Amino acid sequence: MIQNSKVLVLVSVLVFFTTISRVSGQDPSFSQFYTSPLHLNPALTGNSESGKLALNYRNQWPSINQAYVTYAASYDQFFPDINSGFGFSVLADDAGRGLYKTTVVQGSYSYSVRFDGNLQMRLGLAAGWINSRINWAKLVFSDQLDPEFGAISPGGLPYPSDEIPPETGNSVSVLDASAGLVLFNDKFYGGLALKHLNSPQFSFLQVNEGLSSGLPLNLTIHGGAEIDLIKRGGKPDVFVSPNFQFIKQGGFSQLNIGTIFRYYLFGTGAWYRHSSTNPDALIFTVEGRKDKYRVAYSYDITLSKLSNSGGSHEISFIISFESEPKESRYNDCFNLFR
């Protein structure tokens, strides 16, 4: 039993400190970043006139006690009369099955500018609220370990600890601000997003408070193209869309490159993700659509030393509250995002 308790302590410490590292150095991100555009770049707010609802679910490393589970929901819509898009999104990240939870609620706005020819630009702003919460009762400390029985007594109760919870409580909330832009035409696009512009401060223990520079700036550069193969009625039915996404936050960096191939109502794709200096994952995606509904599933095959972690599963469900788009309305290359 002591061996099991040692494993429990190891997992608790690993999840706790990798979570703290994730909060201070890396935001949650989706492999299917094109199905959650509001979390990618606020400038992508409103790429559908009649509104779009997106639901996302990601289970990362399920074999490690469901280390990270992320949920997201967003709604956005473009209003041509004022040349603006408005959106609202919620993201919830659960690490260690409730050990550490983060909730992000934000509103976003975009404004579209058309240049000569087919070149357009969208500027976006986002502001919101981030809450992080530690479940102190799920932590296991060294003074709770009995040499014979581990952390759990023969009666089935955990041994008490002399560790004192933070005086500030188990929850911290901060305000957050982001901005972004996208340049595009009917063939190519390129975007830039800057998150945590105000460097919000997170502090549970108030240790060295004021010395930290706050939540690191998240720099995201992304781009892609749409190569239409078959069009019917002025809209693309068959196309290939190669894309890339580069993220830099603190000492962490991530590069995603890949392609989606859509054939009428079905689509498939393959991606490669490189994290900092190490190969991270191969990602395979399938999707289907019917009328205004779209469902996508992807699986990450882990290439790093965490190859026994169970990979990652991701599901997206999108509802577009509009009739089939026409070429005259969508003279852009964003069909991958719709």
Check your understanding: Would it be correct to say that Ser12 is of a type in the set (Ser, Thr, Tyr), out of contact with any strand residue (DSSP E or B) (no Cβ under 7 Å at 6 or more places or on another chain) and modelled with pLDDT under 75?
Key -> yes
Check your understanding: Taking Gly98 and the conditions (1) more than 29 Å from Gly46 (Cβ to Cβ); (2) touching a Phe, Trp or Tyr at 6+ places or on another chain (Cβ under 6 Å), which numbered condition does it fall short on, given that it satisfies the others?
Key -> (2)
Point to revise | Any pair with Cβ under 8 angstrom, 6 or more apart, that starts in the stretch 180-191 at a residue that is touching a residue at least 40 places away in the same chain (Cβ under 8 Å) and within 18 Å of Ser108 (Cα to Cα) and ends at one that is among the basic types (Lys, Arg) and surrounded by 16 or more Cβ atoms within 10 Å (Cβ to Cβ) | key: Leu181/Arg122; Val182/Arg122
Exercise for review: For the stretch 215-269, name all the residues that are within 21 Å of Ala193 (Cα to Cα) and out of contact with any strand residue (DSSP E or B) (no Cβ under 6 Å at 6 or more places or on another chain).
Suggested key: Leu215, Leu217, Gly250, Gly251, Phe252, Ser253
Check your understanding: Within the stretch 113-127, which residues are part of a strand (DSSP E or B) and in contact (Cβ under 8 Å) with a residue 40 or more places away in the chain?
Key -> Gln120, Met121, Arg122, Leu123, Gly124, Leu125, Ala126, Ala127
Exercise for review: State which residue pairs qualify: first residue on the phi < 0 side of the Ramachandran plot and of a type in the set (S, T, N, Q) and inside the stretch 247-275, second residue part of a loop (DSSP other than H, G, I, E, B) and surrounded by fewer than 16 Cβ atoms within 10 Å (Cβ to Cβ) in any location, beta carbons under 6 Å apart, and separation of 6 or more residues or different chains.
Suggested key: Ser253/Ser276
Revision key, fill the gap. Just one listed residue, out of Leu255, Leu306, Leu336, is surrounded by 14 or more Cβ atoms within 10 Å (Cβ to Cβ) and assigned to a helix (DSSP H, G or I), and it is Leu336
Practice item. Report, by residue number, each residue of the stretch 289-302 that is loosely packed, with under 14 Cβ neighbours inside 10 Å, farther than 15 Å from Leu55 by Cβ and of a type outside the set (A, V, I, L, M, F, W, C). Key: Lys290, Asp291
Review point. Of all residues in the stretch 247-280, how many are among the aliphatic types (A, V, I, L, M), modelled with pLDDT of 95 or more and within 30 Å of Leu229 (Cα to Cα)?
Key: 4
Review point. Counting only residues that are out of contact with any Asp or Glu (no Cβ under 9 Å at 6 or more places or on another chain) and of a type in the set (D, E, K, R), how many does the stretch 305-320 have?
Key: 1
Check your understanding: Counting only residues that are within 20 Å of the chain's Cα centre (by Cα) and aromatic (Phe, Trp, Tyr), which one in the stretch 220-249 is nearest to Asn185 (Cα to Cα)?
Key -> Phe244
Exercise for review: Looking only at the stretch 317-333, decide whether some residue is touching a residue at least 40 places away in the same chain (Cβ under 8 Å), out of contact with any Pro (no Cβ under 7 Å at 6 or more places or on another chain), among the aromatic types (Phe, Trp, Tyr) and surrounded by 20 or more Cβ atoms within 10 Å (Cβ to Cβ).
Suggested key: no
**Study point:** Segments classed as strands (runs of 3 or more DSSP E), wholly inside the stretch 51-100, with at least 3 members that are small (Gly, Ala, Ser) and modelled with pLDDT of 90 or more
**Key:** 68-79, 84-95
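The values are calculated or read from the model by the stated rules, or taken from the named source; none is laboratory data. Nothing here was measured: the structure is a model prediction, and the numbers come from that model. A quick note on method: Cβ atoms are made from the backbone with ideal geometry, for glycine too, and the neighbour counts reach across all protein chains shown.
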